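Here the structure comes first, spelled out in structure tokens, and everything after it is commentary.
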Amino acid sequence: MEIPTEIFLAAFSVIFSLLIVFLLVVMGWYLVWTFFLSRFRFVRELTGKGMSESSSVNDLKNGRSRIKKLRRD
């Protein structure tokens, strides 16, 4: 029994379309991560690529002092 060409082309186009959509989503996520999300400590900690706890605490203290300095000026 032979598979009709129309069914083969339909299945191929659906699979190829899903593959293209998947690749675009992966590339988009990578670009958003590289240029935007990786700058936020909270998101890095969620993904396990954050800093150690002591350096996070020190950064938090430094961040608070910077905020206080900005408010005094």
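Laboratory data are not the source of any read-out in this text; all were calculated from the coordinates shown. The shown structure was predicted, so the numbers you read here are calculated from the model rather than taken from an experiment. Every residue, glycine among them, receives a Cβ derived from its backbone with ideal geometry; neighbour counts consider all protein chains shown.
Label positions at residue 37 and residue 5, each projected 7 Å from the Cα along the C-beta direction, are separated by 4.4 nm. Between residue 45 and residue 14, the modelled label-to-label distance comes to 4.5 nm, taking each label 7 Å out from Cα in the direction of the beta carbon.
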